[in-house]
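Only one structure is covered here, and it is reproduced in the block below.
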Amino acid sequence: MIRDITLGQYYQTESLIHRLDPRLKIVATLLYIVVLFVVDDFLGFAIAYAGLETAIIMSKVPRRFILKGLKPVFLIIAFTLVINLFMIQGEVLVQFWKFHITREGVHMAAFMGIRLFLLIIGSSLLTLTTRPISLTDGIEALLSPFKKLGLPAHELAMMMTIALRFIPTLLEETDKIMKAQQARGADFETGNILRRAKALVPILVPLFISAFRIAQDLALAMEARCYGCGIRRTRMNEIRFEKRDLIGAIVFACFLAVIVLERFLW
Amino acid sequence: MSITVKDLTHIYSPGQPQEQVALDQISFRIEDGTFAGLIGHTGSGKSTLVQHLNGLLKPTSGTILLGDTDITKAGTASRQARLKTGLVFQYPEYQLFEETVAKDVAFGPNNLGLSPEETDARVREALQLVGLDYEELKNVSPFELSGGQKRRVAIAGVIAMKPEILILDEPTAGLNPKAHRDILDMVRGIHESTGNITLMVSHNMNDIARMCDQVLVMDHGRLLMDGSPEEVFRRGEELKEVGLALPDSMEIARQIIEGGLALEGTFLTMEETADAIAAALQAK
Ligand SMILES: Nc1ncnc2c1ncn2[C@@H]1O[C@H](COP(=O)(O)OP(=O)(O)O)[C@@H](O)[C@H]1O
Ligand SMILES: [Mg+2]
């Protein structure tokens, strides 16, 4: 159950998108998000969606897998939709009791809905097609110009790698502790909010202790292998910008150009 | 109360890439009062199996009877079974969370809705059964205890619920030899004083051969053997094939016999093997 959460998860398969340089994918995703806020009409969204759709097909990640992991986020989208639908003032279309739906409300709700949807699918495509390790390597590489300004790029990337690495471990740990307390008759499902919050204590205390234990063991293991002894670390797999990355970058630049032209020419 | 398992199958994450058949058509019966052992290689499905016996996991298919109640049916039966079966998880000391030993042991009885007096009586009794001194430890934080003591407190937390079936998942994992012996003596003592079913998951063939009336062997989610220790350990070659071993006492006897000295006996404990060797030497 708790292991079935796929948000932010990597999907193992062989595809061109998987093999692209992580730096390119990160930059492209960021630009894509920016573009989603530049777009101001439905034709623009159609183009943005077409681009995303192409990437999804090329990535070979099953649609079912993408959508299932996003279930919790759809709740947020639905909430945004409802808020926009009822809160925006303007020309009234439908009215019942104290609520009224306006033309501007419908427009805004549709807009925000599509925007959020594309934004979430787009960014989850990044994590679905990029191993956490390559992702942090990419971030480190992108941040390294700022090292001169004193930004600890490597340390930040290492922290992220470790945090990502231990999400599944902590989920497993939570699952185990929950079961152990259930075996002692704990009940997490009934009662009012106060009771349920109290019922979390027998989970959270052991979970914190586990997290500290894991962190301590890891720190010891890293020190035993001389991590942070000061000499510059090299890596086994250097990220290289290949020909396919160049092609990918050009295609993406064309896509950007089309969207920006659409925005300013129509 | 007896345990009857029929055609039990459990599949983790069905229909997903990481689908895993953890239990495959398992059937067995454990009679009331039996001390049973469950052995198998890591990942063979032992923990998955025992979690079904107290309703924590629901089977994909198959039935589980505790006495006459089918605990796989929906309804209150499941929760009741959960409370009739006490499951001590692997590394149970990681589930401790209260400020004091007494409060932690009282967590289970409190969840049963018992009166404070009854709870207190059970805490005393449980701590005594696991060999800890109530007066000395009741106000001590469980996190200040040694590894072996923490584990006893955690086991006491389950015993305090007075389960009719006690299941222990690798109760001696990660303990030093002395704590290992102490915990096993304690389990033996609890079994004898309650007269209920005790089911112990273990990797240690010596302990299983010495303590159990019935042994279940699992391999890749299937039940490979089910019988008395004599019957199971007679099939030494098959056990080795699935990554298990014979108890030391039997391995020694086997090598001596191979060396040319005829020994008679079942060799389930070191004492039996020693006696058999002595008898054979005297007869010479
Ligand atoms: N919560 C879970 N989700 C998915 N797979 C699991 C889970 N727990 C165990 N498994 C898998 O089921 C199989 C049996 O595991 P387990 O019952 O823990 O074996 P054992 O206790 O004999 O080592 C293993 O392959 C394990 O990876
Ligand atoms: Mg196990």
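The values are calculated or read from the model by the stated rules, or taken from the named source; none is laboratory data. Since the model is a prediction, treat every value here as computed from it, not as a measurement. Cβ sites come from the backbone with ideal geometry, for glycine too, and all protein chains shown count toward neighbours.
Side notes on the structure shown:
- Residue that is nearest to A:A110 (Cα to Cα) [pool: residues in the stretch A:37-71 that are out of contact with any Lys or Arg (no Cβ under 7 Å at 6 or more places or on another chain) and assigned to a loop (DSSP other than H, G, I, E, B)]: A:D41
- Sub-6 Å Cβ pairs linking a first residue in the stretch B:196-223 that is assigned to a helix (DSSP H, G or I) to a second residue that is within 16 Å of ligand 2 (Cβ to nearest atom), at least 6 apart or interchain, are B:I208/B:G37; B:I208/B:I39; B:I208/B:S202, ordered by first then second residue.
- Verdict on A:T13 being part of a loop (DSSP other than H, G, I, E, B) and either at pLDDT 95 or above or among the hydroxyl-bearing types (S, T, Y) (or both): yes
Per-residue answers, yes or no, for (1) more than 14 Å from every other protein chain (Cβ to nearest Cβ); (2) part of a helix (DSSP H, G or I); (3) surrounded by 14 or more Cβ atoms within 10 Å (Cβ to Cβ):
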position	(1), (2), (3)
A:M108	yes, yes, yes
A:G138	yes, yes, yes
A:S144	yes, yes, no
A:K148	yes, yes, no
A:M159	yes, yes, no
A:E173	no, yes, yes
A:I177	no, yes, yes
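- Test for A:F166: is it without any contact (Cβ under 8 Å) to a residue 12 or more places away in the chain and of a type in the set (F, W, Y): no
- Selection status of B:I256, part of a helix (DSSP H, G or I), touching a Leu at 6+ places or on another chain (Cβ under 8 Å) and surrounded by fewer than 19 Cβ atoms within 10 Å (Cβ to Cβ): yes
- Scope the stretch B:85-103; condition more than 7 Å from chain A (Cβ to nearest Cβ) and touching a strand residue (DSSP E or B) at 6+ places or on another chain (Cβ under 6 Å); matching residues: B:T85, B:G86, B:V88, B:Q90
- In the stretch B:18-47, the qualifying residues are those that are outside any loop (DSSP other than H, G, I, E, B) and without any contact (Cβ under 8 Å) to a residue 40 or more places away in the chain, and the one that is nearest to ligand 1 (Cβ to nearest atom) is B:Q20.
- Within the stretch B:112-139, the set of residues being away from chain A (no Cβ under 14 Å) and exposed (fewer than 12 other Cβ atoms within 10 Å of the Cβ) comprises B:S115, B:P116, B:E117, B:D133, B:E135, B:E136, B:N139.
- Looking only at residues in the stretch B:166-181 that are out of contact with any His (no Cβ under 8 Å at 6 or more places or on another chain) and within 12 Å of chain A (Cβ to nearest Cβ), the one that is nearest to ligand 1 (Cβ to nearest atom) is B:D169.
- Selected residue [within 16 Å of ligand 2 (Cβ to nearest atom), away from chain A (no Cβ under 14 Å), farther than 27 Å from B:G174 by Cα and crowded, with 21+ Cβ neighbours inside 10 Å] from B:I30, B:I26: B:I26
- Only one of A:G138, A:G150 that is over 26 Å from A:T13 (Cα atoms) and not aliphatic (A, V, I, L, M): A:G150
- The residue of the stretch B:211-222 that is farthest from B:A36 (Cα to Cα), among those that are more than 16 Å from ligand 2 (Cβ to nearest atom) and crowded, with 19+ Cβ neighbours inside 10 Å, is B:M211.
- Of all residues in the stretch B:43-57, none are away from ligand 2 (no atom under 16 Å from the Cβ) and touching a strand residue (DSSP E or B) at 6+ places or on another chain (Cβ under 6 Å).
- Here the stretch A:185-202 is the region considered, the condition is being within 8 Å of chain B (Cβ to nearest Cβ) and in contact (Cβ under 8 Å) with a residue 12 or more places away in the chain, and the residue that is surrounded by the fewest Cβ atoms within 10 Å (Cβ to Cβ) is A:D187.
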